[in-house]
Amino acid sequence: TGRDCSHRRTWLVERLRQLAPCFAVDIYAFTVLSNHFHLVLRHDPLAHRDWCDEEVAWRWFEAFPPTERGAVVEELKPERRELLLDDPKRVARARCTLGSMSDFMITSSPVNSIPSFDPFRRASRAPNWSFLRPTPSDHAASHRMEGDFKSLFVYVFL
């Protein structure tokens, strides 16, 4: 398009910083290119099993804060946490989602843009947190990155 879209990198980095502490992953390195990004992650597939229900609820609403008309409403977090804690099946599902590297990638990927995102449905995709925002120059919908993620196993010898 010939437009400078470097501001989108900031949006993506902010989203990754928001998500990483909530999921069972550590970000070791990343790079954001013009149409895709690379992450080097450490995934602990058993970490989520040690989280208490309250920690799961806290992590869940930090990753997926309640919104009204597209704006995050911090005041609703305690109420929503209590509602989540009252339903053991939803807590178990949230725990499973937060322990999944695939769900982390799906949630962080700007490709996914289903408006009626239901994080408790495995088949749904997260909304496009960064790349559907209008460009500051003309407030038009921006291009989205396309594709899915690929995973490679990296051996580290200590």
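The values are calculated or read from the model by the stated rules, or taken from the named source; none is laboratory data. Predicted model, so just to flag it, every value in this text is computed and none were measured. With ideal geometry, Cβ positions are generated from the backbone for all residues, glycine too; neighbour counts draw on all protein chains shown.
Does K89 fit the bill of being crowded, with 16+ Cβ neighbours inside 10 Å, basic (K, R), at pLDDT 85 or above and part of a helix (DSSP H, G or I)? Show your work before the answer.
Details: crowded, with 16+ Cβ neighbours inside 10 Å: no; basic (K, R): yes; at pLDDT 85 or above: yes; part of a helix (DSSP H, G or I): yes.
Considered against the rule, which asks whether it is crowded, with 16+ Cβ neighbours inside 10 Å, basic (K, R), at pLDDT 85 or above and part of a helix (DSSP H, G or I), K89 comes out as no.
Take the residues in the stretch 1-36 that are without any contact (Cβ under 8 Å) to a residue 24 or more places away in the chain and of a type in the set (F, W, Y), then tell me which one is surrounded by the fewest Cβ atoms within 10 Å (Cβ to Cβ).
Looking at residues that are without any contact (Cβ under 8 Å) to a residue 24 or more places away in the chain and of a type in the set (F, W, Y), I get Y28.
Considering only the stretch 37-54, how many residues are surrounded by 13 or more Cβ atoms within 10 Å (Cβ to Cβ) and within 16 Å of S100 (Cα to Cα)? Quick ask: steps written out before the conclusion?
Looking only at the stretch 37-54, we keep the residues that are surrounded by 13 or more Cβ atoms within 10 Å (Cβ to Cβ), and these are 37, 39, 41, 43-44, 47-48, 51, 53.
From what's left, within 16 Å of S100 (Cα to Cα): 39, 41, 43-44, 47-48, 51.
Adding up the residues that qualify gives 7.
Considering only residues that are in contact with a Lys or Arg (Cβ under 7 Å, 6 or more places away or on another chain) and of a type outside the set (A, V, I, L, M, F, W, C), look in the stretch 48-100 and name the one that is nearest to P21 (Cα to Cα).
Result: H48.
I'd like to check something: does the stretch 93-111 contain any residue that is farther than 26 Å from L41 by Cβ, modelled with pLDDT of 60 or more and not in a helix (DSSP H, G or I)?
Applying the first criterion (farther than 26 Å from L41 by Cβ) to the stretch 93-111 yields none.
Checked against the condition, which is being farther than 26 Å from L41 by Cβ, modelled with pLDDT of 60 or more and not in a helix (DSSP H, G or I), the stretch 93-111 yields no hits at all.
Going through the stretch 3-25 one residue at a time, which ones are over 9 Å from the mean Cα position of the chain (by Cα) and modelled with pLDDT under 90?
R3, D4, C5, S6, H7, R8, R9, T10, W11, L12, V13, E14
Quickly run through the stretch 68-86 and pick out the residues that are of a type in the set (V, I, T) and more than 19 Å from L98 (Cβ to Cβ).
The first filter runs over the stretch 68-86 and keeps only residues of a type in the set (V, I, T), leaving 72-73.
Passing the criteria: only V73.
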